1. Name the single residue that is farthest from Cys111 (Cα to Cα) among those in region 57-78 being buried (at least 18 other Cβ atoms within 10 Å of the Cβ) and small (Gly, Ala, Ser).
2. Just for region 19-32: of the residues that are in a strand (DSSP E or B) and under 19 Å from the mean Cα position of the chain (by Cα), which one is surrounded by the fewest Cβ atoms within 10 Å (Cβ to Cβ)?
3. Farther than 21 Å from Ser112 by Cβ, modelled with pLDDT of 95 or more and exposed (fewer than 13 other Cβ atoms within 10 Å of the Cβ): is that true of Glu16 in this structure?
4. Pick out the one residue from Ile85, Ile61 that is of a type in the set (A, V, I, L, M) and either under 30 Å from Ile121 (Cβ atoms) or touching a helix residue (DSSP H, G or I) at 6+ places or on another chain (Cβ under 7 Å) (or both).
5. Test Glu104 against the criterion of being in contact (Cβ under 8 Å) with a residue 60 or more places away in the chain and either in a strand (DSSP E or B) or more than 25 Å from Leu15 (Cβ to Cβ) (or both), and give yes or no.
6. If a residue has to be of a type in the set (S, T, N, Q), under 18 Å from the mean Cα position of the chain (by Cα) and under 12 Å from Gly28 (Cα atoms) to count, how many in region 42-99 make the cut?
7. So, of the residues in region 68-98 that are in a helix (DSSP H, G or I) and free of Cβ contacts under 8 Å to residues at least 24 places away in the same chain, which turns out to be nearest to Ser45 (Cα to Cα)?
8. Just to be sure I understand the filter: pairs with C-beta atoms under 7 Å, separated by 6 or more residues or on different chains, first member in region 21-36 and more than 17 Å from Glu80 (Cβ to Cβ), second member of a type in the set (Asp, Glu) and buried (at least 17 other Cβ atoms within 10 Å of the Cβ). Which pairs pass?
Amino acid sequence: MGMNTQGSTEDLIILEKGEILMKQGEKGECAYLLLSGKLVVQRESPNENVLIREVRPIELIGELAIFSDTPRSATVVIQEKAELIRINKHRLRQMIRRSPDIAEIVIKILCSRLQDNAEKIFEIESAQRKAVLSSLRWPPGDPNAPASATEPSEDNSLESPSRRATVLRHKPST
């Protein structure tokens, strides 16, 4: 499949468009350094595959399963013919222990992914929050109503979420 460059710990691998590099849920025994080509990372669910990100040359992929000793969190598919170096779990850990520079690079990669994921989560939560708020009916003059909530309510008594919460918090005990 590839050219052996360091015993059995590193291999040069060439994959064609459409081939699967790793599958969500499988055990991760190695990481890959993409030398050329393009990969897509996707999360599989029963209804659809969700694109997580694209991987471009000189990016490391698959290291999460190695460091966390958990199954692969996503499927990676070759989008353009790719050349990769396969680095097994033991070799990668050894490289990190021996070289603070490599350890720093891996930490930066992980931090960058964490930051990207936090931004995506924030965007999703903001969109969901907007959708919920726009679907609520607010009483006229409610100070908690967003500026976009201009539709008057037919029943002002408990329509406001803050009003509902106040009523629930002050419910007399029996």
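1. Ranking the candidates gives Ala74 first.
2. Once the filter is applied, the top-ranked residue is Ile20.
3. Yes.
4. The unique qualifying residue is Ile61.
5. Working: in contact (Cβ under 8 Å) with a residue 60 or more places away in the chain: no; either in a strand (DSSP E or B) or more than 25 Å from Leu15 (Cβ to Cβ) (or both): yes.
Answer is no for this residue.
6. 4
7. Ser68
8. Ala31/Glu63
The values are calculated or read from the model by the stated rules, or taken from the named source; none is laboratory data. Not measured: the values here are computed from a predicted model. Glycine gets a Cβ as well: all are built from the backbone with ideal geometry, and neighbour counts include every protein chain shown.
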